[in-house]
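Read the structure below first, then the notes.
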Amino acid sequence: MSATILADVAKALLSGSIEVVDLTAPLGPNTPVLYLPPQFGKNTPSVKVHEISQYDENGPFWAWNWLELGEHTGTHFDAPSHWITGKDLPGNTTDTIPPQAFVGPVNVIDRSKESAENPDYLLTVDSIKAWEAEHGEIEANSWVVMRTDWYKRNGSTETFLNADENGPHSPGPTAEAIEYLVSKNIMGWGQETIGTDAGSAGGMNPPFPAHNLMHKAGRYGLASLCHLDKLPAKGAILIAAPLKFVKGTGSPIRALALISK
Ligand code: 23J
Ligand code: MN
């Protein structure tokens, strides 16, 4: 690569012609967490912040806290080891994934209108192909994320999970859509909901297809992304790096996008 490309990026960052967009939800005790029904086992707890000192007798000149935090909390990264289908793959945990995976071009499929009309909206293969016909082909090792504007519900667990007696209602991909994206060798799949799958995904074949099929292919997931409405369909660079948890199955991230203004 010519060194001038990075020099141009540096100039653009300094001049403001490249903007950094924050795709991250606030992380704290009010962050919504996934609720899975008892048939699926245990749930992840809410974030807890434990004070160590606050410029007081426990630390006269300093403030610090320690955190109680699930790996899959808030805006977060799913590693292949998160799912049984990815459990034996090499480089499948947050400390062993090659860092090249954390920075890449991102394709933004806007299905906000469809999701507003139908909270159970499912992205299909035909819908992805229609997007590609309009915006260009999805390249290998690029990220694919679905904009739904669901992040606007991310202030409260009730509106975010959107559950009734039939379970949660939130948009996501069909199993076939994920198969198609895996066939394109994408870096990973992300969306704005609590996880990478639709609310109805527990009843799909296979259950939780974005998890099952993406992680089986050694690829990654991003959940609870925000502000995808600020990104172009193509052309942005996504930066989404998990903490280097030893043997981690996932991690909260500070998800960022670079866009040109
Ligand atoms: C475990 C089981 C089902 C789901 C999830 C976790 C997530 O969404 C997650 O955060 O990975 S749907
Ligand atoms: Mn997760």
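Could you tell me whether any residue of region 231-239 is in contact with a His (Cβ under 8 Å, 6 or more places away or on another chain) and more than 14 Å from ligand 2 (Cβ to nearest atom)? Checked region 231-239: at least one residue is in contact with a His (Cβ under 8 Å, 6 or more places away or on another chain) and more than 14 Å from ligand 2 (Cβ to nearest atom). Consider region 176-202 and keep the residues that are in contact with a strand residue (DSSP E or B) (Cβ under 8 Å, 6 or more places away or on another chain) and free of Cβ contacts under 8 Å to residues at least 40 places away in the same chain. The one that is farthest from ligand 2 (Cβ to nearest atom) is Ile178. Before we move on, is Ala79 in contact (Cβ under 8 Å) with a residue 60 or more places away in the chain and within 17 Å of Ala201 (Cβ to Cβ)? Judged against the criteria, Ala79 is not a match.
Take Ala236 and decide whether it is more than 17 Å from Glu71 (Cβ to Cβ) and either aromatic (Phe, Trp, Tyr) or touching a strand residue (DSSP E or B) at 6+ places or on another chain (Cβ under 7 Å) (or both). Explain how you work it out, then say what you get.
Numbers: more than 17 Å from Glu71 (Cβ to Cβ): yes; either aromatic (Phe, Trp, Tyr) or touching a strand residue (DSSP E or B) at 6+ places or on another chain (Cβ under 7 Å) (or both): yes.
Answer is yes for this residue.
The lone criterion from (1) over 14 Å from Pro252 (Cβ atoms); (2) under 22 Å from the mean Cα position of the chain (by Cα) left unmet by Pro26 is number (1). Taking the listed residues Pro209, Pro252, Pro242, the one that is in contact with a Leu (Cβ under 9 Å, 6 or more places away or on another chain) and crowded, with 18+ Cβ neighbours inside 10 Å is Pro252, with no other qualifying.
Filter the strands (runs of 3 or more DSSP E) completely within region 146-244 down to those with at least 3 residues that are more than 16 Å from ligand 1 (Cβ to nearest atom). It would help to see each step written out before you state the result.
On the way: elements: 188-191, 220-223, 236-239.
Filter on region 146-244 gives 236-239.
Name the single residue that is surrounded by the fewest Cβ atoms within 10 Å (Cβ to Cβ) among those in region 162-206 being polar (S, T, N, Q) and closer than 24 Å to Ala116 by Cα. Lay out the reasoning, then the answer.
Filtering region 162-206 for residues polar (S, T, N, Q) gives 162, 166, 170, 174, 183, 185, 191, 193, 196, 200, 205.
In the following step, the residues that additionally are closer than 24 Å to Ala116 by Cα were identified as 162, 166, 170, 174, 191, 193, 196, 200.
Details: Asn162: 19, Asn166: 10, Ser170: 25, Thr174: 19, Gln191: 31, Thr193: 30, Thr196: 30, Ser200: 17.
So, considering only residues that are polar (S, T, N, Q) and closer than 24 Å to Ala116 by Cα, the one surrounded by the fewest Cβ atoms within 10 Å (Cβ to Cβ) is Asn166.
Just so you know, in region 30-48 the residues that are exposed (fewer than 11 other Cβ atoms within 10 Å of the Cβ) and away from ligand 2 (no atom under 16 Å from the Cβ) include one that is farthest from Lys216 (Cα to Cα), and it is Pro38.
The listed residues are Leu14, Leu6, Leu23, Leu27, and the only one of them that is under 28 Å from Gly235 (Cα atoms), away from ligand 1 (no atom under 16 Å from the Cβ) and surrounded by 12 or more Cβ atoms within 10 Å (Cβ to Cβ) turns out to be Leu23.
Every number here is computed from the coordinates shown, using simple stated rules; none is lab data. From a predicted model like this one, the values you see are computed outputs, not experimental measurements. Virtual Cβ from ideal backbone geometry, glycine too; neighbours counted across all protein chains shown.
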